[in-house]
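The values are calculated or read from the model by the stated rules, or taken from the named source; none is laboratory data. These numbers come from a predicted model, not from an experiment. Reconstructed Cβ throughout: ideal geometry from the backbone, glycine too, with neighbour counts over all protein chains shown. The area values use the complete protein model at the heavy-atom level, side chains included, leaving out ligands, DNA and RNA. Shrake-Rupley method; radii C 1.70, N 1.55, O 1.52, S 1.80 Å.
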Amino acid sequence: FTLANQFDNYAKFQPTPVTLKSLIDFAVDGDMKHSYKFLRVELLVRWSHMRKEMDYIPARFLEMPSLKLANSLYDQSFSEVLAFKDAEPDATTLRKFTETLVEIRRRHANIVPTLARAYMELEKAGPIDLIEKNRLQYFYDRFFMNRIGIRTLIYQHTLLFGNELPQHSQQAGIIDPYCDVASIVRDAYATAKQLFERASYPVPTIEISSHNVHENEKNDVTFVYIPAHLYHIIFELLKNSLRATVERYGLDAKEYPPVCVRIVKGHEDLTIQIADRGGGVPRSKLSQLFHYMYSTAPKPNSDFTLDSKGTPIAGLGYGLPIARLYAKYFQGNLALSSVEGLGTWAYISIKAAAENASELLPIFSKIRYSYTTKKGSDWTKK
Ligand code: W6P
C-alpha cells in the first residue's frame, strides 16, 4: 500500500469526538491498552481527513517548500503510528507507542509558523485571488482545529501513561476538574504585563469580577476544562485589549482606563467578557481580525512591537483566529463586538457542563470546496 492508499482508506472512517467528561472519566479509571487501541486508529483517521482535504486547496500551494516540509512531517508521523497496526499491546509495545507519541508531539511543535511561512511563500510566488484566500482561510481553520484535537489526545495519553512529564496533582492529565477562571486571567495578565514591560510599554490595569449563577453560594467560578487552552485564549485577548488601550491614549498617558473582565457561570454557558476602552475597531475591519495573515499591528520588526528577546507583542496574525479555534474546540465560541471610537468587547463562551463539551472536528468533504451547494455537514455532530 502507498501512503495515498492509506489516506483514502482511513478517511472512510469518521473521526470520533470525545467529550471533556469522557476524558476525565478515562483519566480516572481508563487503562493504557484501551487508549492505545483507540489512538492507533483515531490518529490515522484524523490525519487522513486533512490529507484528503489538501486535494482541494489551490494546487500551487502544495508546491510551497514550507508546505512540503509540513507534509513530510505528517507522512512520517502517520507511518510511525501505522507501524503499530498489528502490534499486540504488550508492555514493550505500549512503552514504544508512548515514546512515539512524545516524539510526534515534539516534531510538530512548530507547524503553525511553518504554515504561516507557506502562506508568505505563496504570496511571494504571485497574487492570491479572493477565492484562493477564502479556501485557504477555510482550510487553515480546519487544519489547525484538527491539530488541536490531535495534540490534545496525544498529550493526554503521554501525561497519563508516560513517565517523563511532571503532572500537576489536582489535574487529570491536561484537564483540570476545578479550573479556576479568575486565576487563569491573573496569570495571563501577569505574563502580558511582563511582555509589555520588557518592551518599555506601559500596562493598563485589569479589574476582574465573577458571578456564579449556577452554584449560588459563592461567586467563584470553577469548571472542568483544559487550563492551557483557556490561558491561550485569554492571553491573546488581554494582549489585544492592553495594546489597543495604550495606543489609544499614547505611551505617556498618566492613566489608562482599565480592562474589565467579567466571569459569569450560567446554567449552560460560562462566559468571560473582556472589555477595553481602546478606541474600538470599525465594523469593516472587525471580521478581518480573524483572517490568517491580517494583523492590526505593524509587522513585527519595529521596536514598538518587539521586546528585548525579540518576542513580538503582536503581529504574526495567527493569535486571534487560533484563539477562536481553541474556544470552538469544545463547542464554545469567541466573539468580538466593537464600538468604533470607544472600545471592544470580547466574549469567550464555554460549555458549563463537561458532558456538553465535545470536540468539534473537521470531516473531509469536497462539497464544501465547490461553493455551489450546502448539502452535507463537514463537521462532526455534538
Ligand atoms: C481592540 C482590537 C481587539 C481585538 C481583540 C480583542 C480586543 C481588542 N481591542 O481594539
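Once the Cα atoms of helix 32-53 and of the chain are each reduced to a long axis, what angle between those two axes, in degrees from 0 to 90 to the nearest 10, is obtained? Result, in degrees: 80.
For segment 195-206, the Karplus equation 6.51 cos²θ - 1.76 cosθ + 1.60, evaluated at θ = phi - 60°, returns couplings of 4, 5, 5, 5, 8, 6, 10, x, 10, x, 7, 10 Hz by residue, with Gly and Pro reported as x. Computed from phi, the 3J(HN,Hα) profile of segment 357-365 under the Karplus parametrisation 6.51, -1.76, 1.60 (θ = phi - 60°) reads 8, 9, 4, 9, 10, x, 10, 4, 8 Hz, with x in place of Gly and Pro.
I'd like the accessible area for Glu247: 1.4 Å probe, protein heavy atoms, all chains in place, Å² to the nearest 10. Approximately 80 Å² of Glu247 is accessible to the 1.4 Å probe. Computed from backbone phi, the HN-Hα couplings of segment 86-92 come to 10, 6, 4, x, 7, 4, 5 Hz, rounded to whole numbers (Karplus: 6.51 cos²θ - 1.76 cosθ + 1.60, θ = phi - 60°; Gly and Pro given as x).
Max-minus-min Cα coordinates of the chain on each principal axis give 67, 58, 44 Å, with the largest extent listed first. Across Ala109, Ala188, Ala27, mean-square fluctuation computed from a Gaussian network of the chain (C-alpha pairs under 10 Å connected) peaks at Ala109. Ellipticity at 222 nm from helices only: DSSP H runs of n ≥ 4 in the chain, each -39500 (n - 2.57), divided by the residue count, give -15500 deg cm²/dmol. So how tilted is helix 227-249 from the main axis of the chain? Cα-based, degrees 0 to 90, rounded to 10. The angle comes out at about 30 degrees. Counting only protein heavy atoms and a 1.4 Å probe, segment 12-112 has 48 square angstrom of accessible area per residue.
Rounded to the nearest 10 degrees, the angle from helix 65-82 to the longest Cα principal axis of the chain is 50 degrees. Rounded to the nearest 0.05, what FRET efficiency do His214 and Glu103 give with R0 = 45 Å and r taken as the Cβ-Cβ distance? Could you check? Efficiency computed from Cβ-Cβ geometry: 0.60.
With a threshold of 24 Å on the Cα-Cα distance, the over-threshold entries among Lys68/Lys133; Lys12/Lys85; Lys33/Lys68; Lys133/Lys193 are Lys33/Lys68; Lys133/Lys193.
Along the Cα-to-Cβ line of Asp55, 7 Å from the Cα, sits a label point; which residues in segment 14-47 have backbone N less than 17 Å from it? Of the residues in segment 14-47, 14, 45-47 have backbone N under 17 Å from the label point off Asp55. Looking at segment 45-97, the trypsin sites (Lys or Arg not before Pro) that sit in a DSSP loop and have at most 10 other Cβ atoms within 10 Å of their own Cβ are Lys85. Within the accessible area of the chain, the carbon and sulfur atoms contribute 53%, probe 1.4 Å, all protein chains present.
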